[in-house]
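The values are calculated or read from the model by the stated rules, or taken from the named source; none is laboratory data. What you are looking at is a predicted structure, and each value in this text was computed from that prediction instead of being measured. Virtual Cβ from ideal backbone geometry, glycine too; neighbours counted across all protein chains shown.
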Amino acid sequence: MSEEITIRAARDRKDYDACVDLQRVVWKIEDLEVLPALEMIAGVFSGGMAHVAEAPDGRIVGFAYAFPALRGRAPHFHSNMVAVVPELQGQGVGVRLKWAQREDALARGISLITWTFDPMQSRNAHLNLRRLGGTAAEFLPNFYGVTTSALHHGMPTDRLLIKWDLNSPRVRERALGGEVPKTVVLPNQARINEVKWQAGWPVSSEPRTDAKSNEGLLEIPPDWDTLCQAAPRVAEDWHGKIRRALAAYMGQGYTGADFFLVEEGGRRRPLYVLRRP
């Protein structure tokens, strides 16, 4: 199905209205926090980018929106939203939207795109760091505040800022089809936290914040949304520990350099690679 989907630039009001509908469907947010079609149209007119994923029947099943940015003084794009209908998530539509953003940005002479994502979401971390070759450069605690989105589970919206250097060797390799395996053997780097399973749920130790090595592994839960819904107290404990770890290490200049999905004992273990340049 995903191969039959066309990625193209948004063209008219109908496309933008579909992007508004997708925000409601994917993020389950109240209208007060939906980005309106008029705002997107003005953003694109002013130099932004809006791409849509169109199914063979003409239905818009995904979109990506980015606006021009000057944070850090270097002109770049900030990719504010990427959404795909639930039934097509995990089938490559989102990554195709990102590659379309890269192609469009490079055609305009721009070589950097940034965006934020929830560090607890392993699927997004794998896409951003592993498949696209981005770098998590900053930790932003409670970036949006507490929102109406059901996907945020009423928790503070901690975020990692991705810097996507569009011409870096790593990104160029990925763009040429240099796919990476979904799972790898357990790396040998030092562990920032240890995870054990208790009563069917993963539980993290208090993270080490005094590590002296230049590289360490930080593990997160394999299914954050399920954990939040079924064991909210366990999820809150995880949220606080990952927040403390990211604030400590990224405050010392470490970056999120990579992300592994490790299969061990029949369980999936998602691991950030935090590295000091």
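Taking each residue of region 192-206 that is without any contact (Cβ under 8 Å) to a residue 24 or more places away in the chain and looking for partners that are part of a strand (DSSP E or B) with beta-carbon atoms closer than 6 Å, six or more apart or interchain, yields Lys196/Val203. From the list Leu127, Leu106, Leu97, the lone residue that is surrounded by fewer than 15 Cβ atoms within 10 Å (Cβ to Cβ) and part of a helix (DSSP H, G or I) is Leu106. Against the numbered list (1) within 26 Å of Leu129 (Cβ to Cβ); (2) more than 19 Å from the chain's Cα centre (by Cα); (3) surrounded by 15 or more Cβ atoms within 10 Å (Cβ to Cβ), Leu70 comes up short only at (3).
Matching residues to (1) among the basic types (Lys, Arg); (2) modelled with pLDDT of 95 or more; (3) within 17 Å of Met155 (Cα to Cα):
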| residue | (1), (2), (3) |
| --- | --- |
| Trp197 | no, no, no |
| Gly200 | no, no, no |
| Ser204 | no, yes, no |
| Leu217 | no, yes, no |
| Trp238 | no, yes, yes |
| Ala248 | no, yes, no |
| Gly266 | no, no, no |
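How about region 212-241: which of its residues are within 16 Å of Arg275 (Cα to Cα) and either part of a helix (DSSP H, G or I) or in contact (Cβ under 8 Å) with a residue 24 or more places away in the chain (or both)? Reasoning before the result, please.
Quick first cut of region 212-241, residues within 16 Å of Arg275 (Cα to Cα) only: 212-219.
Residues satisfying the conditions are Ser213, Asn214, Glu215, Gly216, Leu217, Leu218, Glu219.
Scanning region 109-124 for residues that are of a type in the set (S, T, N, Q) and part of a helix (DSSP H, G or I), which turns out surrounded by the fewest Cβ atoms within 10 Å (Cβ to Cβ)? The selected residue is Asn124.
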